[in-house]
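S.K.: Handing you this structure, nothing more for now.
The values are calculated or read from the model by the stated rules, or taken from the named source; none is laboratory data. A quick note: this is a predicted structure, and the numbers were derived from the prediction, not measured. Here the Cβ positions follow ideal geometry from the backbone for every residue, glycine too, while neighbour counts run over all protein chains shown. For accessibility, only protein heavy atoms count, side chains too; no ligands or nucleic acids. Shrake-Rupley method; radii C 1.70, N 1.55, O 1.52, S 1.80 Å.
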Amino acid sequence: AHNGEALVVSGSNDKNVQVIVNAINNVIGAYGKTIDWGSTVNYRQGVDSGTNSIEELVADMESGNVGTLMIYGANPVYTYYNTDKFKAALKKVKVTVSFNEKMDETTELCEYLIPTHHYLESWGDAEPKSGVVSFIQPTIYPLFKTRPYQTSLLRWGGDNSNYEDYFKTYWGDKLGADYNKVLQNGIKQDPSPDLSAGSYNSSAVAASSAAIAAYKKVNGTELVLYQKVSIGTGSQAGNPWLQELPDPVSKATWDNYALISMATAKELGIKLDNDYEYYPEKPMIELTIGKNKVELPVLVIPGMNADTIAVAVGYGRSESMGKTAAGVGKNFYSYATHNGETVD
């Protein structure tokens with residue numbers, strides 16, 4: 001009914017699912033209308049599997065093929081599902097460098113710590129999509145004895161300049177007289193080209209459809225991991241203001257917990273009453289995920305699917321993150337790979 005005016009979007013990183021979604025968009029006339037194949041979208045570029053994935057990196061580290069590992073903006077010891085495996089592989093790397101601005105779980109295991117500037121102290125640029133470049137400019141002078149990680153890379157590569165000068169020279173040469181204007185506006189935006197319809201190829205649809213049909217069917221309860229509005233990935237879990245910020249739905253603070261349906265609560269014999277939200281003491285349940293067991297407090301949420309339990313990531317930080325985050329909640333990143341297994 002709305003051909004050319006509709007769009008189907010999937011949050012799945014499964015290539016087979018994306019192929020099917022792409023086929024649906026072709027059928028509903030989204031090509032060249034609500035989808036522009038002439039422009040790239042450059043954010044959310046993480047790789048779950050395949051070429052250059054973290055799995056291959058860990059394998060190379062284990063085999064001794066990584067001489068130097070430099071880490072910026074990542075904390076795999078905390079977020080990687082097999083933390084013990086990563087720790088063991090890290091020990092086999094001769095030179096380990098962390099540019100992270102905080103003493104997190106990964107940084108404390110690295111040999112060299114060279115913290116970069118905070119983003120409010122930094123120069124930089126970003127291209128969120130084709131033809132749009134945003135300038136990052138410092139708003140405060142560096143508070144501590146840090147330096148941009150780009151400066152370190154430049155100097156180790158034989159260029160003795162600092163990143164601020166490199167940035168200004170690069171964009172000054174590229175933009176000429178327009179440099180100061182773009183710096184003032186904070187953004188460089190090229191004229192938008194005409195929408196591109198691209199060309200559709202259906203050759204992969206049959207194989208993707210067959211692959212999806214062959215996926216293991218799950219019977220029982222599904223564990224869904226999500227990011228809370230306040231804590232997110234857990235990178236800022238040491239901020240007490242974020243820990244104290246009530247969740248917009250559950251109103252809970254300072255912990256992660258198991259969200260269950262009213263049907264599941266009834267099945268487990270959890271009694272609800274009018275005072276349920278007044279008291280911090282909540283019923284506890286033990287989840288069995290694969291070979292792992294973990295105990296969490298329970299919050300019963302109307303509207304939850306009866307066969308779903310939801311738990312937030314971003315908790316269970318180590319002592320390296322400070323007393324605000326240490327020991328608060330449980331780390332559920334380690335359960336992210338148990339897809340298809342029943343949760344009891």
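S.K.: Keeping all protein chains in the complex and leaving out DNA, RNA and ligands, what accessible area do you get for residue 253 with a 1.4 Å probe, in Å² to the nearest 10?
M.R.: Answer for residue 253: close to 50 Å² accessible.
S.K.: Right, next: Mind giving me the nanometre distance, one decimal, between the label points for residue 239 and residue 127, set 7 Å out from Cα along Cα→Cβ?
M.R.: For the pair residue 239/residue 127, the computed spacing is 3.0 nm.
S.K.: Also, quick follow-up: Send over a whole-number figure in Å² for the accessible area per residue of the chain, probe 1.4 Å.
M.R.: Values: 21280 Å² over 344 residues.
In whole numbers, the chain has 62 Å² accessible per residue.
S.K.: Provide the net charge surrounding residue 133, with neighbours chosen by a C-beta distance below 14 Å and charges set as Lys +1, Arg +1, Asp -1, Glu -1.
M.R.: Numbers: positive: 129, 174, 181, 188; negative: 125, 127, 178, 190.
Every neighbour counted, the sum reads 0.
S.K.: While we're on this one: Contact order normalised by length for the chain, with contacts defined as Cα pairs under 8 Å and 6 or more residues apart; what percent is it?
M.R.: Over the chain, the number comes to 17 percent.
S.K.: Take 44, 155 and sort them by solvent-accessible surface of the protein heavy atoms, 1.4 Å probe, largest at the top.
M.R.: I get 44, 155, largest accessible area first.
S.K.: Percent of Cα-Cα pairs more than 26 Å apart in the range 75-207, please.
M.R.: Details: 4245 of 8778 pairs.
Looking at the range 75-207, the distances longer than 26 Å represent 48 percent of pairs.
S.K.: When DSSP beta bridges are limited to those with both residues in the chain, what percentage is antiparallel, rounded to the nearest 5? Present the calculation step by step, with values, prior to reporting the outcome.
M.R.: Working: 17 of 33 bridges.
Counting only bridges with both partners in the chain, antiparallel ones make up about 50 percent.
S.K.: Considering the Cα positions of the range 133-181, please state its Rg to one decimal place and its Dmax as a whole number of Å.
M.R.: Cα only, the range 133-181: 12.5, 34 Å (Rg, Dmax).
S.K.: Let me ask you something else. How much of the accessible area of the chain, probe 1.4 Å, is carbon plus sulfur, in whole percent?
M.R.: Details: 11150 of 21280 Å².
Carbon and sulfur together cover 52 percent of it.
S.K.: If you don't mind, there's one more thing I want to ask. Projecting each Cα onto the charge dipole of the range 127-221 (Lys/Arg +1, Asp/Glu -1 at the beta carbon, about the Cα centre), which of 187, 128, 202 comes out farthest on the positive side?
M.R.: 202
S.K.: Quote the charge dipole size of the chain about the Cα centre in Debye, to the nearest 20; the model charges only the Cβ of Lys and Arg (+1) and of Asp and Glu (-1). Kindly include the intermediate steps, with their values, before the conclusion.
M.R.: Numbers: 29 positive and 39 negative charges, 66 e Å.
The calculated dipole for the chain is roughly 320 debye.
S.K.: Mind checking Rg over Rh on the chain, alpha carbons, Kirkwood formula for Rh? Working shown, then result.
M.R.: Details: Rg = 24.1 Å, Rh = 24.2 Å.
Looking at the chain, the ratio lands at 1.00.
S.K.: Give the residue from 112, 71, 308 lying farthest towards the positive end of the charge dipole for the chain; charges sit on Cβ (+1 for Lys and Arg, -1 for Asp and Glu) and the dipole is referred to the Cα centre.
M.R.: So the residue furthest toward the plus end is 112.
S.K.: Hey, another quick one. Given 6, 43, 262, which one lies farthest toward the positive end of the charge dipole of the chain, if we put +1 on the Cβ of every Lys and Arg and -1 on the Cβ of every Asp and Glu?
M.R.: 43
S.K.: Run the dipole for the range 92-153 about the Cα centre, Lys and Arg Cβ at +1, Asp and Glu Cβ at -1, nothing else charged, and hand back the magnitude in debye, nearest 20.
M.R.: On the way: 6 positive and 8 negative charges, 34 e Å.
Its charge dipole is roughly 160 debye.
S.K.: Then there's this: Sort 61, 321, 304 from largest to smallest accessible area, using a 1.4 Å probe on the heavy atoms of the protein chains.
M.R.: Numbers: 61 0, 321 25, 304 50 Å².
In descending accessible area the options line up as 304, 321, 61.
S.K.: How many Å³ per residue does the convex hull of the Cα positions in the range 52-111 occupy?
M.R.: Working: hull volume 4.5 nm³, N = 60.
Per residue, the Cα convex hull of the range 52-111 comes to 74 Å³.
S.K.: Here's a follow-up. Please state the relative contact order of the range 182-304 as a whole percent: Cα pairs under 8 Å, 6+ residues apart? All intermediate terms of the calculation are to be shown ahead of the outcome.
M.R.: Numbers: 78 pairs, mean separation 22.4, N = 123.
Answer for the range 182-304 is 18 percent.
S.K.: If 247, 60, 173 are ordered by their accessible area, calculated over protein heavy atoms with a 1.4 Å probe, which sequence runs from highest to lowest?
M.R.: Details: 247 20, 60 70, 173 125 Å².
Largest accessible area first, the residues go 173, 60, 247.
S.K.: Tell me, what is the 1.4 Å probe accessible area of residue 225, in Å² to the nearest 10?
M.R.: 60
S.K.: Something else: Round to the nearest 10 and report in Å² the accessible area of residue 71, as given by a 1.4 Å probe over the protein chains' heavy atoms.
M.R.: 10
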